[in-house]
Amino acid sequence: MASLNFPTLRIGDPIQEGSFQVFPLFSQGEQEVAYRLPELQTQEATITEVSEAGAVPYLAVENHSESLLLLIEGQELMGAKQNRVLNTTVLIKPKSKVTIPVSCVEAGRWHFLSREMRDAERFVSNKLRYELKRGVYESLKKKMGHYSNQGGVWNTVARLHQELNIISPTSALSAAYEAYEQEIEEFRKDITYVEGATGLAIALDGRVRSLDLFGTAQTCSRLWPRLVAGLSLEALRKTSSPTKATVEDVLQYWTDVTQWPWEAVTTVGEGQEYRAESQRGDQGSALFYDGKVVYLSAVSRQ
């Protein structure tokens, strides 16, 4: 089991929207790594199919900049031959090209809508993140790389569409977010970034469902609304529950996460990736660089 330098966290008071609670997290100590989040529209980086024929589980990323660029597990990318979601977090060297592992979230399309992918500016839901993490964890255990269970991913998207009464000709995950765009935007407005936060924990119906931690407050402030947009989708059809999670519940969850059996795995790009599975089946992944956490996420068994 790997010994990792986890930061000490302070848990802030929750922001509540019905049964949906967001707890801001504040890291103690310096974890900063010099990287940038890529601006795809400015050509700082380009993400394309790996070839004209394409390959469902891969995309090619070219970093045109002089900086390390960070792509985050669970980000949705749209365009090219089909929409995808990132299977892992990748730190890309300046002026370099790397093949990244992805999963399809649009089962009914395999033709070009564009040559380059664009950032959907949201993360996928916790149910889908759990399915991705579990599949990749099992694949890495077998030394087969960062493959997800693609059938399980498609089934999770299909169940989400069924729950939200979504009809999509191409079975695109994005159709759900487009159908509930107004409601999701209200969540974003009500659950705004808390100054100084380096992460957030999500609770639904009184249970901590996920925890996301970044190395810096600056990165967290950029990605906070994207996480809220993706994770709030599961709360849209929920009736308000009287059961609420507490700061103590989140702190205990974080303590548990730090004690999971973290193991170093094959890393795509720079730094060192770690994966863990708890005894009850919760899933965790983390990317460290020079001993500092770049991004860590934990998702409870769904």
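Scan the stretch 36-59 for residues that are modelled with pLDDT of 95 or more, under 19 Å from the mean Cα position of the chain (by Cα) and part of a strand (DSSP E or B) and jot them down.
Ile47, Tyr58, Leu59
Looking only at the stretch 195-223, count every residue that is in contact with an Asp or Glu (Cβ under 9 Å, 6 or more places away or on another chain) and under 19 Å from Asp13 (Cα atoms) and tell me the total.
Matching residues across the stretch 195-223 total 13.
Hey, can you tell me all the residues within the stretch 265-302 that are among the basic types (Lys, Arg) and either touching a residue at least 24 places away in the same chain (Cβ under 8 Å) or buried (at least 18 other Cβ atoms within 10 Å of the Cβ) (or both)? Spell out the reasoning first.
The initial filter retains those residues of the stretch 265-302 that are among the basic types (Lys, Arg), namely 275, 280, 292, 301.
Selection gives Arg275, Lys292, Arg301.
If Pro94 satisfies all but one of (1) in contact with a Gly (Cβ under 9 Å, 6 or more places away or on another chain); (2) touching a residue at least 12 places away in the same chain (Cβ under 8 Å), what's the number of the condition it fails?
(1)
Would you mind telling me which numbered condition in (1) over 17 Å from Ser285 (Cα atoms); (2) in contact (Cβ under 8 Å) with a residue 40 or more places away in the chain Ser221 fails?
(2)
From the list Val50, Val33, which one is among the β-branched types (Val, Ile, Thr) and out of contact with any Lys or Arg (no Cβ under 6 Å at 6 or more places or on another chain)? Full working, then the answer.
Details: Val33 fails: out of contact with any Lys or Arg (no Cβ under 6 Å at 6 or more places or on another chain).
Just a single option satisfies the conditions, and that option is Val50.
Scan (1) touching a Pro at 6+ places or on another chain (Cβ under 8 Å); (2) of a type outside the set (S, T, N, Q); (3) under 18 Å from Met78 (Cβ atoms) for the single condition Ala176 breaks and write down its number.
Only one criterion is unmet by Ala176, namely (1).
Collect the residues in the stretch 74-88 that are open to solvent by 10 Å² or more (accessible area, probe 1.4 Å) and under 22 Å from Gly215 (Cβ atoms), keeping them in residue-number order.
Gln75
Does Phe26 fit the bill of being crowded, with 22+ Cβ neighbours inside 10 Å and touching a Ser or Thr at 6+ places or on another chain (Cβ under 7 Å)?
Details: crowded, with 22+ Cβ neighbours inside 10 Å: no; touching a Ser or Thr at 6+ places or on another chain (Cβ under 7 Å): yes.
No; evaluated as a whole, the condition is false for this residue.
In this structure, is Val33 at pLDDT below 90, open to solvent by less than 90 Å² (accessible area, probe 1.4 Å) and under 21 Å from the mean Cα position of the chain (by Cα)? Can you show your working first?
On the way: at pLDDT below 90: yes; open to solvent by less than 90 Å² (accessible area, probe 1.4 Å): yes; under 21 Å from the mean Cα position of the chain (by Cα): yes.
The answer is yes for Val33.
So, Lys95, is that one at positive phi and not aromatic (Phe, Trp, Tyr) or not?
Values: at positive phi: yes; not aromatic (Phe, Trp, Tyr): yes.
So Lys95 passes the test.
The values are calculated or read from the model by the stated rules, or taken from the named source; none is laboratory data. None of these values were measured; they are calculated from a predicted model. Neighbour counts are summed over all protein chains in view; Cβ atoms, including those assigned to glycine, are modelled from backbone coordinates with ideal geometry. The area values use the complete protein model at the heavy-atom level, side chains included, leaving out ligands, DNA and RNA. Shrake-Rupley method; radii C 1.70, N 1.55, O 1.52, S 1.80 Å.
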